[in-house]
């Protein structure tokens, strides 16, 4: 039977289960990555398992999110992660070495391997032909310990690329077009596989831009074939031995087929406040802007930066615009410095930021009140920038740079001839900012450093048969993990301190939520469709667990958040009849009847609305393993019991 590329990699890593869409499969994980916003919790969970050394082929801990050090908290977390990495056999990418996905693509990615990361944009690795997936920190910790990673077998969507991009049209415009077609929930339970003659026209960094932002589709991952373009990139990185040619079998059958004619694409932008709110730049018009931010794991490669520098050369940023640029890695920044492009950026008036996530995660560079910010990032959720009433647009580096010069949203095709930028035949190789772990003998004497801000991991309790509690919050469709557990410079330093972090839970929706939960002893959350989309951050489940949330009842869930709820021991349920969502109000008293029996053996549960004397049927879409985890009160309890 002819297989797609994703199916071939899955088959080669299949430990258990059948490759039937929707059925649970277990995969062997070759590589893992963590970053510091999620990594502290992941390594606390790894330590709780009592495993001496990681069992993966390669695991890397990156410091790239919490790099603003306004207090001791972030620096303490970095020391903790470094000490765990050195003791447990993990490579440690120091602050300043770059964004995890950019560095991993450059230095560690291997076609055909599986990569699991505690960051939702781990699918960036699909640009080099990896099966790269984001997950909660606990799933990554289990994988580092040699455990199996479980997902429902995805369906495979073929996005066929035809033709070639016109001048000034970018890879960012391709993924914005896919988002326009599929929406932010259109990829749930799916892998997006790119094929067609247009693939050969895209460099690895351009492919990685597309797979990176495939996370906004809700997709399990996205992947490109590994071909001569991949080989040339790896060779330029001095890693040609990692190359393997990979593609779908001839005659492979896909579950869906989308055709995109690259010749017909034009510069586009995602308007506030969702990545699928896409229009052409021409349609939006010449809106006056206040800020431009260029960088993030989506668009911070050397290729992107060289295009930006070429546009800015000899120009000056408009007086009404603040322009910041964050190269994605030390490699990129150093090469920009050596070839003069960095000087061109600085001369134009750009503010150069360190090679880190920075503004994308709300770590600095918040726009002015009611400001319009153009960003080459992947998310424009409301309030994510750090300014609640800002309007954030997602654009290509070409659109961003052209707009920074003019002071308004600009179609770069108006700039004339596009500068010719080519990939280098050889990148500058210097891995001195990646620390190798201790040997087994050295590790015996290594002391793990715990700062005072690091608190224990919250754990659930075994599931009782009836749960009666109030509705603590009712929210609409497309609630993101940024709504549930916001990021930003004021909050991220407390990712290793769940009790303190809980003060900010659902702050975007209802600032009284944490206090009411503590006063009531917890309760239920009612949600709309695609609940929990966005980041892989398991804090969006751990913090509600700490606040006493027992179940989340929605129209539908995003994949990673549903898995994180199960790992935390919070029951994810969906309405059998979506209109029942409208019948429940905030503060209603609800009872989940015989819920432990239902979780144990049924795909249905009964919800009683005591306030309205009504009953509703709920769906329990759970694998047998997930049922056992919920009955035990979460993954840590389940692991201890087994």
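The set of residues in region 412-434 being surrounded by 12 or more Cβ atoms within 10 Å (Cβ to Cβ) and either over 23 Å from residue 311 (Cβ atoms) or in contact with a helix residue (DSSP H, G or I) (Cβ under 7 Å, 6 or more places away or on another chain) (or both) consists of 412, 415, 419, 421, 423, 424, 427, 428, 429, 431, 433, 434.
Mind listing whichever residues of region 621-642 are out of contact with any helix residue (DSSP H, G or I) (no Cβ under 6 Å at 6 or more places or on another chain) and outside any helix (DSSP H, G or I)? Of everything in region 621-642, those that are out of contact with any helix residue (DSSP H, G or I) (no Cβ under 6 Å at 6 or more places or on another chain) and outside any helix (DSSP H, G or I) turn out to be 621, 622, 623, 633, 642.
Hey, among the residues in region 1-21 that are without any contact (Cβ under 8 Å) to a residue 40 or more places away in the chain and closer than 18 Å to residue 132 by Cβ, which one's surrounded by the most Cβ atoms within 10 Å (Cβ to Cβ)?
We begin by selecting, within region 1-21, every residue without any contact (Cβ under 8 Å) to a residue 40 or more places away in the chain; these are 1, 11, 14.
The next check asks that each one be closer than 18 Å to residue 132 by Cβ; those that pass are 11, 14.
Working: 11: 11, 14: 17.
Step by step, filter region 1-21, then rank; the result is 14.
Among the candidates 292, 332, the residue that is within 24 Å of residue 429 (Cβ to Cβ), crowded, with 24+ Cβ neighbours inside 10 Å, outside the structural domain of residue 493 (by TED's automatic domain parsing) and touching a helix residue (DSSP H, G or I) at 6+ places or on another chain (Cβ under 8 Å) is uniquely 332.
The residues of region 592-606 that are over 33 Å from the mean Cα position of the chain (by Cα) and not in a helix (DSSP H, G or I), listed by number, are 593, 594, 606.
Within region 284-292, one or more residues are closer than 16 Å to residue 391 by Cβ and in a helix (DSSP H, G or I). Of all residues in region 504-513, those satisfying the criterion of being part of a loop (DSSP other than H, G, I, E, B), without any contact (Cβ under 8 Å) to a residue 40 or more places away in the chain and under 22 Å from the mean Cα position of the chain (by Cα) are 506, 507, 509.
Here 162, 200, 172, 190 are screened, and the one residue that is under 30 Å from residue 420 (Cα atoms) and touching a strand residue (DSSP E or B) at 6+ places or on another chain (Cβ under 6 Å) is 162. The residues listed here are 442, 354, 398, 382; of these, the one that is part of a loop (DSSP other than H, G, I, E, B) and either over 22 Å from the mean Cα position of the chain (by Cα) or under 30 Å from residue 265 (Cβ atoms) (or both) is 382.
Candidates in region 50-62 are the residues that are without any contact (Cβ under 8 Å) to a residue 60 or more places away in the chain and in contact with a strand residue (DSSP E or B) (Cβ under 9 Å, 6 or more places away or on another chain); of these, the one that is surrounded by the fewest Cβ atoms within 10 Å (Cβ to Cβ) is 57.
Yes/no per residue for (1) free of Cβ contacts under 8 Å to residues at least 60 places away in the same chain; (2) closer than 30 Å to residue 352 by Cα; (3) within 22 Å of the chain's Cα centre (by Cα):
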position: 78; (1), (2), (3): yes, yes, yes
position: 82; (1), (2), (3): no, yes, no
position: 89; (1), (2), (3): no, no, no
position: 98; (1), (2), (3): no, yes, yes
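If the condition is being without any contact (Cβ under 8 Å) to a residue 60 or more places away in the chain and not assigned by TED's automatic domain parsing to the domain that holds residue 563, then region 443-485 contributes 444, 445, 455.
Among the helices (runs of 4 or more DSSP H) contained in region 155-241, which hold 3 or more residues that are more than 15 Å from the chain's Cα centre (by Cα) and either under 17 Å from residue 267 (Cα atoms) or assigned by TED's automatic domain parsing to the domain that holds residue 529 (or both)? Quick ask: steps written out before the conclusion?
On the way: elements: 171-182, 204-213, 228-236.
In region 155-241, the matching helices (runs of 4 or more DSSP H) lie at 171-182.
The number of residues in region 83-117 being under 20 Å from residue 148 (Cα atoms) and assigned to a helix (DSSP H, G or I) comes to 1. Determine whether residue 80 is assigned to a strand (DSSP E or B), outside the structural domain of residue 559 (by TED's automatic domain parsing) and either in contact with a strand residue (DSSP E or B) (Cβ under 7 Å, 6 or more places away or on another chain) or over 18 Å from residue 217 (Cα atoms) (or both). Against the criterion (assigned to a strand (DSSP E or B), outside the structural domain of residue 559 (by TED's automatic domain parsing) and either in contact with a strand residue (DSSP E or B) (Cβ under 7 Å, 6 or more places away or on another chain) or over 18 Å from residue 217 (Cα atoms) (or both)), residue 80 does not qualify.
Considering 157, 204, 169, 178, the condition of being at pLDDT 95 or above, over 25 Å from residue 3 (Cα atoms), buried (at least 19 other Cβ atoms within 10 Å of the Cβ) and in contact with a helix residue (DSSP H, G or I) (Cβ under 9 Å, 6 or more places away or on another chain) is satisfied by 169 alone. Here residue 89 qualifies as farther than 24 Å from residue 121 by Cβ and surrounded by 20 or more Cβ atoms within 10 Å (Cβ to Cβ).
For residue 443, the conditions (1) out of contact with any helix residue (DSSP H, G or I) (no Cβ under 8 Å at 6 or more places or on another chain); (2) farther than 20 Å from residue 535 by Cα are fulfilled apart from (1).
Tell me the residue from 318, 310 that is modelled with pLDDT of 95 or more and either surrounded by fewer than 17 Cβ atoms within 10 Å (Cβ to Cβ) or in a helix (DSSP H, G or I) (or both), please. Give the steps one after another, and end with the answer.
Numbers: 318 fails: either surrounded by fewer than 17 Cβ atoms within 10 Å (Cβ to Cβ) or in a helix (DSSP H, G or I) (or both).
Checking each option against the conditions leaves just 310.
Looking only at residues of region 545-562 that are in a helix (DSSP H, G or I) and touching a helix residue (DSSP H, G or I) at 6+ places or on another chain (Cβ under 7 Å), we find that the one that is surrounded by the fewest Cβ atoms within 10 Å (Cβ to Cβ) is 546.
Conditions tested, residue by residue: (1) within 30 Å of residue 123 (Cα to Cα); (2) in a helix (DSSP H, G or I).
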{"site": "493", "(1), (2)": "yes, yes"}
{"site": "496", "(1), (2)": "yes, no"}
{"site": "499", "(1), (2)": "no, yes"}
{"site": "515", "(1), (2)": "no, yes"}
{"site": "519", "(1), (2)": "no, yes"}
{"site": "524", "(1), (2)": "no, no"}
{"site": "529", "(1), (2)": "yes, no"}
{"site": "535", "(1), (2)": "yes, no"}
{"site": "543", "(1), (2)": "yes, yes"}
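If residue 304 satisfies all but one of (1) out of contact with any helix residue (DSSP H, G or I) (no Cβ under 6 Å at 6 or more places or on another chain); (2) under 30 Å from residue 414 (Cα atoms); (3) not in a loop (DSSP other than H, G, I, E, B), what's the number of the condition it fails? Going through the list (1) out of contact with any helix residue (DSSP H, G or I) (no Cβ under 6 Å at 6 or more places or on another chain); (2) under 30 Å from residue 414 (Cα atoms); (3) not in a loop (DSSP other than H, G, I, E, B), residue 304 breaks only (1).
Taking the conditions exactly as written (assigned to a strand (DSSP E or B) and under 24 Å from residue 139 (Cα atoms)), does residue 618 satisfy them or not?
Details: assigned to a strand (DSSP E or B): yes; under 24 Å from residue 139 (Cα atoms): no.
Judged against the criteria, residue 618 is not a match.
The values are calculated or read from the model by the stated rules, or taken from the named source; none is laboratory data. All values reported here derive from a predicted model rather than from experimental measurement. Here Cβ is always computed from backbone atoms with ideal geometry, including for glycine, and neighbour counts include all displayed protein chains.
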